[in-house]
Protein chains: 2
Amino acid sequence: MTRDGDMGAEYTRAMALLKLTDADITARLVALPEWSPLGEQIQRTYRFTDFVASMAFVDRVAERAEVVQHHPDILIRYNRVTLSLSTHDAGGITEKDFALAAECDTFAAQ
Amino acid sequence: MTRDGDMGAEYTRAMALLKLTDADITARLVALPEWSPLGEQIQRTYRFTDFVASMAFVDRVAERAEVVQHHPDILIRYNRVTLSLSTHDAGGITEKDFALAAECDTFAAQ
């Protein structure tokens with residue numbers, strides 16, 4: 001990788017850990033209308049056909065969470081799964097939360 | 001199976017769906033000291049080494065829940081997992097909840 005490439009990666013990592021402003025969050029939620037801001041986190045509840053479908057979704061979310069080392073709080077209530085995302089190191093909501101939220105939406109749509 | 005055996009199984013199923021009294025619940029919690037009554041449910045939070053260990057436990061709980069068709073609410077917060085058990089059909093806490101609670105404790109101990 002070139003030096004430019006390294007610097008690009010570092011810049012991306014740094015940006016991911018910057019706490020977003022309320023205006024930034026509102027703007028980004030336009031692209032994720034099922035997600036709601038709730039204090040220092042964003043939250044969405046998914047509805048599935050049954051418990052087995054909920055768990056299949058949760059296992060995909062968990063696998064991805066471990067890969068990116070960013071772990072949502074996960075609440076499973078039979079056919080409903082609520083994800084709550086926050087970046088504890090930044091003390092609020094960051095790009096990392098929106099990136100994982102968008103990925104979780106694709107898992108639920110499959 | 002004999003007729004006596006059938007009646008025994010029916011009796012066991014009926015008992016499992018009887019809402020327990022507060023005195024019954026208190027007595028049964030002696031055997032499960034990590035569980036707490038919370039309104040119309042019993043609840044325990046388990047602590048594990050990390051998220052992967054939490055998910056391994058949750059997957060075992062989920063598999064058993066599906067077998068016995070009794071599904072706890074499951075909250076995963078990185079290395080902590082909170083299970084909440086209630087029998088909705090009975091409108092409260094029954095033997096089914098204590099039976100599954102005891103099984104979940106054995107999964108966590110392994």
Looking at (1) open to solvent by less than 30 Å² (accessible area, probe 1.4 Å); (2) touching a Lys or Arg at 6+ places or on another chain (Cβ under 7 Å); (3) away from every other protein chain (no Cβ under 13 Å), find the lone condition where B:His70 falls short. (3)
Show the residue pairs that are 6+ apart or on different chains and have beta-carbon atoms under 7 Å apart, the first residue being within segment B:57-69 and part of a helix (DSSP H, G or I), the second being of a type in the set (Val, Ile, Thr) and surrounded by fewer than 16 Cβ atoms within 10 Å (Cβ to Cβ). B:Glu66/A:Val52
One residue from B:Arg47, B:Arg64 being open to solvent by 20 Å² or more (accessible area, probe 1.4 Å) and within 14 Å of chain A (Cβ to nearest Cβ): B:Arg64
Of those in segment A:86-97 that are surrounded by fewer than 21 Cβ atoms within 10 Å (Cβ to Cβ) and in a helix (DSSP H, G or I), the residue nearest to the chain's Cα centre (by Cα) is A:Glu95
Go through B:Leu83, B:Leu29, B:Leu18 for me and flag whichever is hydrophobic (A, V, I, L, M, F, W, C) and open to solvent by 80 Å² or more (accessible area, probe 1.4 Å). B:Leu18
Just one of the numbered conditions (1) within 25 Å of A:Asp50 (Cα to Cα); (2) modelled with pLDDT under 95 is not true of B:Glu10; which one? (1)
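What do you reckon, is A:Glu40 open to solvent by 30 Å² or more (accessible area, probe 1.4 Å), more than 15 Å from B:Phe51 (Cβ to Cβ) and either touching a strand residue (DSSP E or B) at 6+ places or on another chain (Cβ under 8 Å) or at the interface with chain B (Cβ under 10 Å from one of its Cβ atoms) (or both)? Lay out the reasoning, then the answer.
Values: open to solvent by 30 Å² or more (accessible area, probe 1.4 Å): yes; more than 15 Å from B:Phe51 (Cβ to Cβ): yes; either touching a strand residue (DSSP E or B) at 6+ places or on another chain (Cβ under 8 Å) or at the interface with chain B (Cβ under 10 Å from one of its Cβ atoms) (or both): yes.
Considered against the rule, which asks whether it is open to solvent by 30 Å² or more (accessible area, probe 1.4 Å), more than 15 Å from B:Phe51 (Cβ to Cβ) and either touching a strand residue (DSSP E or B) at 6+ places or on another chain (Cβ under 8 Å) or at the interface with chain B (Cβ under 10 Å from one of its Cβ atoms) (or both), A:Glu40 comes out as yes.
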Residues of segment A:70-89 classified as in contact (Cβ under 8 Å) with a residue 40 or more places away in the chain and more than 22 Å from A:Ala31 (Cα to Cα), total: 1
May I ask you to verify whether A:Ala53 is in contact with a Pro (Cβ under 7 Å, 6 or more places away or on another chain), within 14 Å of chain B (Cβ to nearest Cβ) and part of a helix (DSSP H, G or I)? no
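The values are calculated or read from the model by the stated rules, or taken from the named source; none is laboratory data. Model, not experiment: these values are computed from the prediction. Note that each Cβ is placed from the backbone with ideal geometry, even for glycine, and that neighbours are counted across all protein chains shown. For the accessible areas, the whole protein counts, side chains as well, though only heavy atoms, and no ligand, DNA or RNA atoms are used. Shrake-Rupley method; radii C 1.70, N 1.55, O 1.52, S 1.80 Å.
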